[in-house]
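S.K.: One structure, as structure tokens, below. Some questions next.
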Amino acid sequence: MHDADFLDDDEFPGGVFCDDIDGGRAGAVIRADERGIRARTSDGQEFSVPYNDCNLEMGGASGHMLFCRTSDRSLTIFCEDRRFPSALQQSNAGALFEQIEEILATGRQQRWNSRLTVWLLIGVSLLALIGLWYGLVEGARAAVLAVPFTIDEKIGEAALPAVIEEFGEPLDCPPAQEQLESIVERLADHATIPDVNFSVTIIDTPMVNAVALPGGPILVFRGLIDSSNSAEELASVIAHEMSHVTLRHQIEGIARAVGVVAAIEIMLGDVGGVVALGAEVLQTAALNNYSQEHETAADLEGARMMHAASLDPHAMIEMFKNLPEHDLPEALDWLSTHPDSEERINNVRGLLDELSDQAYSPLDFTLEELQAHISEATQDTDN
């Protein structure tokens, strides 16, 4: 085969099949001129396929080899150079024009099909990988949610000290503590999971919020108590947080965060690893980073619990109405607009329209009494 670097612009590397050649095949320099397709071997032999006796075929191992054969197939000149079909078109190869056009069109279609096949394979592979990944994640999520509620309790207990330290000091105020615990006790009898060991800690911070940990610990911030308009409004926030616990939303969040690692540990029977990972997630990630679906579910479950406990759930609607009045850049998802307050109000109203009539009774203390206990405790702390 001739070295392409030494060929003229109108010459191409190729070869010849012919019985007159020793071995039946030889490399050659290919040229297309006005008389036909010509080939010259390295030992000087010359071969020619006239245009009017030429049949073209594209093939070879690469799919780009152009074979130029006589009608009796006694002579074949071949060339793999991609420029060669265009050179034939530019020569006086009018007799081959239709064949060349068909071959070029077929080549373009084959190249397009090849590219399409490659992209389809890539796409299928990506979809398979994505499906595998989501399958593992969903499997991990299901595995975490399948663990008993005692695991929620252990995670919440392990994370509680660090979470309290993150937000501030607990406020030592036994009268206020008893009043908040009375709210929890009244609601807990109607929770979807019975006998949850709910606990309440008052955090001495002006932040307007409440936080629930897996298993039952609830942190109520002093700012939320100060900004509420009634004890029932405050109860609606606590009911919302209790619902996150009983619906196990925090565990779902932990499952998304630790994913496959948690699933493997659970399958191996190592729930202790899940407890440690869950506690770490609660300490390092933003608490109450719930989805819109979780927030809506907690609203509705909280309103249902209040209704069942004979606490007026319309207080939750009043709380939502008051949210826009607060400038709360540090507030977490309970006071966020995701979903927005109007949507949350409509969701709760829709639920209340479906519930049976109920005679509501107030709490056995007023918000003013609770706030007075808090004020006295904070003054004692300052002194």
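S.K.: Could you list, in sequence order, all residues of region 58-88 that are in contact with a helix residue (DSSP H, G or I) (Cβ under 8 Å, 6 or more places away or on another chain) and β-branched (Val, Ile, Thr)?
M.R.: Selection gives Thr70 alone.
Each row is one residue, and each column tells you yes or no for (1) outside the structural domain of Val16 (by TED's automatic domain parsing); (2) acidic (Asp, Glu); (3) over 21 Å from Asp10 (Cβ atoms).
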| position | (1), (2), (3) |
| --- | --- |
| Gly60 | no, no, yes |
| Ser74 | no, no, yes |
| Ile77 | no, no, no |
| Asp81 | no, yes, no |
| Pro85 | no, no, no |
| Leu88 | no, no, no |
| Ser91 | no, no, no |
| Ile100 | no, no, no |
| Ile103 | no, no, no |
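S.K.: Does region 37-45 contain any residue that is free of Cβ contacts under 8 Å to residues at least 40 places away in the same chain, assigned by TED's automatic domain parsing to the domain that holds Glu102 and within 14 Å of Ala87 (Cα to Cα)?
M.R.: yes
S.K.: Let me spell it out: the conditions are (1) modelled with pLDDT of 65 or more; (2) farther than 19 Å from Glu232 by Cα; (3) in a loop (DSSP other than H, G, I, E, B), and Gly350 meets all of them except one. Which number is the exception?
M.R.: (3)
S.K.: Taking the stated definitions as given, is Ile238 within 32 Å of the chain's Cα centre (by Cα), hydrophobic (A, V, I, L, M, F, W, C) and assigned by TED's automatic domain parsing to the domain that holds Ala162?
M.R.: Here the answer is yes, as Ile238 does meet what is asked.
S.K.: List the residue pairs whose Cβ atoms are under 8 Å apart, where the first residue sits in region 202-223 and is over 16 Å from Ala159 (Cα atoms) and at pLDDT below 95, the second is assigned to a strand (DSSP E or B) and among the basic types (Lys, Arg), and the two are 6 or more positions apart or on different chains.
M.R.: Note: no pairs meet the criteria.
S.K.: Restricting to region 204-219, what's the tally of residues that are more than 32 Å from the chain's Cα centre (by Cα) and either of a type in the set (Ser, Thr, Tyr) or crowded, with 22+ Cβ neighbours inside 10 Å (or both)?
M.R.: So the count comes out to 1.
The values are calculated or read from the model by the stated rules, or taken from the named source; none is laboratory data. What you see is a predicted model, and the numbers here were worked out from it, not measured in a lab. Reconstructed Cβ throughout: ideal geometry from the backbone, glycine too, with neighbour counts over all protein chains shown.
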